[in-house]
Each structure stands twice: as structure tokens, then as C-alpha cells.
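Enquirer: Below is one structure. I have some questions about it.
The values are calculated or read from the model by the stated rules, or taken from the named source; none is laboratory data. Just so it is clear, the structure is predicted and the values come from calculations on it, not from any experiment. Glycine gets a Cβ as well: all are built from the backbone with ideal geometry, and neighbour counts include every protein chain shown. Just so you know, the surface numbers come from the protein's heavy atoms only, side chains and all, with ligands and any DNA or RNA stripped out. Shrake-Rupley method; radii C 1.70, N 1.55, O 1.52, S 1.80 Å.
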Amino acid sequence: MIALRSVLFNTIFYANLIIRMIVLSPYYFLAPRKIAYAIPKNWARSNHWLMRVIVGTTFEIEGLENLPDGSYILAPKHQSFWDTYALLPWLKDPVYILKRELMWIPLFGWYAKKQRMIPVDRGARGKVMVEVLKRTREELSTGRQLIIYPEGTRRPPGAEPLYKYGIARMYRDLNLPVVPVAMHPGLFWPRRSIRRYPGHFKVRILPPITPGMDPDAFFAHLIEVSERASDELLLETVAQNPHLPLPPTAVERLAELRKLNAATG
């Protein structure tokens, strides 16, 4: 049944994306940018409904009160395609820094350009990164929220953290609060897999890290609070969903955490 439900979900998920992009394009491109943002936000909501109805996966969000007013940097853990869109309905006017190649995809790239997403060449240095920072400042000056995945790419649940120092540079240069987010959607929507698993998990929005810290101290603090919350949620999520097939990284990390908990009483 899991295989059948996974195939059904994936088929409807991508059909939902493509059909909405095509059918709603006239309204999307004629409407003012902020009003048009309702279309991708409603698409995200429809995906949550599809996951619940077809796969049997549900989630809850803790800590919405930790989201500041105005501009800030959201720094979620990144495990799955799910977390690239999942929080859109709860954010006022988010902006992403995207791989420039994504902007070349028909329809998707046009939609992203309409929302003034910021393309970047991952291998870029010097003047290119200066221009990216300039664009980012321009967008955030209007009250938008920047979404950055501190590890840069998807990591399996329980994997050793590999945070990129770029988040510390952004924190220093933009002088904005950073809001860490811990979650484990990768247990239910694994990367590089077509399988989707039923169950329930939490998204935990942590208190914002205020601007003004030394970048090195900020970087260490971000990793510490994010990974502590991630470990807590890993133990909790697996305990509540004993049926889940766990990746080796999660199995190894769980063993380490249980051993540590046993040693500390």
C-alpha cells in the first residue's frame, strides 16, 4: 500500500504543480506581485492536503510566535523537497536565493522571477556575490523574509551537520535576526526516493538569534541550538512513528543519543 500510495501521490503532486502553473498563469502574471503570491501559497496548502489524504502524513508547527515582525532570516534544516515549500503559507513575503539554473526552467523560472527570487551561481565569488548581497538587501528593505538553508543542500535525518559559513556572513552583513527551524520531513519524504511514508511530525521554530553577535560566535550558537532541537525531535519523531524505515544516518545518531541519555541518567 505504501508503494501504491507513493506513486499516486507523486503523480498527483506533479500534475497539481504543472496544471496550476499553466491554468493560473494569466492571473498570476497580471496581478500585483504580493497578491500573486497567494497562488504558490495555496499550492503549498494543497500539497499538505494531498500528503494527509493520500499518504497519511500530517505535521504540526510549534513556535510560530517566534517569527519576528518585518524582515528576518529563516534558517531551516534541509532534508527534503517538502521543506522547500512547506512553510510558505505561514510567511508573509518570503524570498529565496536560488541556483541560477532553476530560473531557466520554463514556467517555474518565470514564476520565481515574478516573486523577485535571487539567482546565484554557486561557484561565484567577488563581484557576483556583492551583487547578490545588494539584491538581497533591496528585497529585505521592503519587509521580506529571507529563507536560507544553512547546510546548503539536503542532508538525511541524523547526518553529521555540515553548516556553511555563508549564513554567518549574511547574519553579519544584513544585521537581521536569524530564526532556526528544526524538523525531520526526510523521514517521511526521503531524498532520492519515490516513497512517501505515513505518520506525524513536528516543525519546531526556535527563538530568533538577535543581530549583533560576533559572526563566529553566532555560527557556533546556530549549530548548537539547531542540532540540539534536531536531536530532540529525532528521538520524539521515531518514538511516535515506530513503523518508519530509518536511514543509516538516523539509526546511528539514535544509538548515540540513547547511549548519551543512558550515561547522563
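Enquirer: Can you tell me which of Ile194, Ile118, Ile223 moves the most in a GNM of the chain? Springs connect C-alpha atoms under 10 Å apart.
Expert: Ile194
Enquirer: In 5 Å bins starting at 0, how do the alpha-carbon pair distances of the chain split up by percent?
Expert: 1, 5, 12, 16, 18, 17, 14, 9, 5, 2, 0, 0, 0
Enquirer: Right, another one. Multiplying the sequence separation of Ala3 and Tyr85 by 0.36 nm and subtracting their Cα-Cα distance, what value in nm do you get?
Expert: 27.2 nm
Enquirer: If you don't mind, another one. What do you get for trypsin sites (Lys or Arg not before Pro) in region 54-145 restricted to DSSP loop and a cutoff of at most 12 other Cβ within 10 Å of the site's Cβ? Display every interim value, and only then the final one.
Expert: Details: sites: Lys77, Lys92, Lys99, Arg100, Lys113, Lys114, Arg116, Arg122, Arg125, Lys127, Lys134, Arg135, Arg137, Arg144; in loops: Lys77, Lys92, Arg116, Arg122, Arg125, Arg144.
Within region 54-145, the qualifying trypsin sites (Lys or Arg not before Pro) (loop, at most 12 other Cβ atoms within 10 Å) are Arg122, Arg125.
Enquirer: Would you grab the residues whose amide H sits under 5 Å from the one on Leu74? Only those 5+ places off in sequence or on another chain, please, with H modelled 1.01 Å from N.
Expert: Counting only residues 5 or more places away or on other chains, the set is Leu146, Ile147, Ile148, Val179.
Enquirer: Need one number: % antiparallel among DSSP beta bridges in the chain, to the nearest 5. Don't jump to the answer; show the numbers that get you there.
Expert: Working: 4 of 22 bridges.
Given both bridge residues lie in the chain, the antiparallel proportion sits at roughly 20 percent.
Enquirer: Let me check I've understood the local charge: for Pro208, count other residues with C-beta under 13 angstrom from its C-beta, Lys and Arg +1, Asp and Glu -1. What total comes out? Mind dumping the intermediate values first?
Expert: On the way: positive: none; negative: Glu65, Asp69.
Charge balance in the 13 Å sphere: -2.
Enquirer: Could you run the Karplus curve 6.51 cos²θ - 1.76 cosθ + 1.60 with θ = phi - 60° over region 106-113 and give me ³J(HN,Hα) per residue in whole Hz, x for Gly and Pro?
Expert: Each residue's phi maps through the Karplus curve to give x, 6, 4, x, 5, 4, 5, 5 Hz.
Enquirer: Please state the relative contact order of the chain as a whole percent: Cα pairs under 8 Å, 6+ residues apart?
Expert: On the way: 388 pairs, mean separation 66.1, N = 265.
Result for the chain is 25 percent.
Enquirer: Would you mind checking region 230-253 for residues with the amide N under 15 Å from a putative spin-label position 7 Å along Cα→C-beta of Leu260?
Expert: Residues passing the 15 Å test: 230-236, 250-253.
Enquirer: Once Rh is set to the Kirkwood radius over Cα pairs, what Stokes-Einstein translational diffusion coefficient, in µm²/s, holds for region 89-232 at a temperature of 10 °C and a viscosity of 1.306 mPa s?
Expert: Details: Rh = 16.9 Å.
Using the Kirkwood radius from Cα pairs, D works out to 94 µm²/s.
Enquirer: In addition: For Lys34, which aspartates and glutamates qualify as cross-link partners when the Cα separation must be under 12 Å and same-chain residues fewer than eight apart are set aside?
Expert: Those aspartates and glutamates meeting the cut-off are Asp93.
Enquirer: Sticking with this structure for a sec: May I ask for the Rg/Rh ratio of region 1-71, computed from Cα atoms with Rh as the Kirkwood radius, given to two decimals? Show your work: numbers first, answer last.
Expert: Working: Rg = 15.5 Å, Rh = 14.3 Å.
Taking Rg over the Kirkwood Rh, I get 1.08.
Enquirer: Karplus couplings for region 241-257 from phi (6.51 cos²θ - 1.76 cosθ + 1.60, θ = phi - 60°), rounded to Hz, Gly and Pro as x?
Expert: 10, x, 7, 5, x, 8, x, x, 4, 6, 4, 5, 5, 4, 4, 5, 5
Enquirer: Another question, if that's okay. Which ³J(HN,Hα) values, rounded to whole Hz and listed in residue order, are derived for region 8-20 from phi using the Karplus coefficients 6.51, -1.76 and 1.60 in 6.51 cos²θ - 1.76 cosθ + 1.60 with θ = phi - 60°, glycine and proline given as x?
Expert: 4, 4, 4, 5, 5, 4, 6, 5, 4, 5, 5, 5, 4
Enquirer: Given the alpha-carbon gyration tensor of region 25-166, what are the semi-axes of its equivalent ellipsoid in whole angstrom, ordered largest first, with each equal to the square root of 5 times an eigenvalue?
Expert: Numbers: eigenvalues 111, 90, 52 Å².
Square roots of five times the eigenvalues give 24, 21, 16 Å.
Enquirer: So which of Lys41/Lys77; Lys41/Lys92; Lys41/Lys114; Lys77/Lys134 end up more than 18 Å apart by C-alpha? Walk me through the numbers on the way to the answer.
Expert: On the way: Lys41/Lys77 20 Å; Lys41/Lys92 10 Å; Lys41/Lys114 14 Å; Lys77/Lys134 25 Å.
Among Lys41/Lys77; Lys41/Lys92; Lys41/Lys114; Lys77/Lys134, the Cα-Cα distance tops 18 Å for Lys41/Lys77; Lys77/Lys134.
Enquirer: Let me check something: with ligands and nucleic acids excluded, how do Trp90, Trp82 order by accessible area (1.4 Å probe), largest to smallest?
Expert: Values: Trp90 100, Trp82 5 Å².
Descending order: Trp90, Trp82.
Enquirer: Consider just the alpha-carbon atoms of region 28-102 and return their Rg together with their Dmax, both in angstrom.
Expert: So, for region 28-102, Rg and Dmax equal 13.8, 36 Å respectively.
Enquirer: Please find the FRET efficiency linking Ser25 to Asp173, where r is the Cβ-Cβ separation and R0 is fixed at 30 Å, and quote it to the nearest 0.05. Can you show the working numbers first?
Expert: Values: r = 36 Å, r/R0 = 1.19.
Result of the calculation: an efficiency of 0.25.
Enquirer: Roughly speaking, what is the stretch gain from His48 to Ser193, that is 0.36 nm per residue apart minus the C-alpha to C-alpha distance, in nm to one decimal? Walk me through the numbers on the way to the answer.
Expert: On the way: separation 145, 0.36 × 145 = 52.20 nm, distance 1.86 nm.
Contour length minus Cα-Cα distance gives 50.3 nm.
Enquirer: Can you report the principal axis dimensions of region 192-265 using only the alpha carbons, biggest first, rounded to whole angstrom?
Expert: That works out to 44, 35, 21 Å along the principal axes.
Enquirer: Check Val203: other-chain or 5+ apart residues with amide H under 5 Å from its amide H, H built from backbone geometry?
Expert: Close amide H contacts, sequence-distant or interchain: Glu60, Ile61, Glu62.
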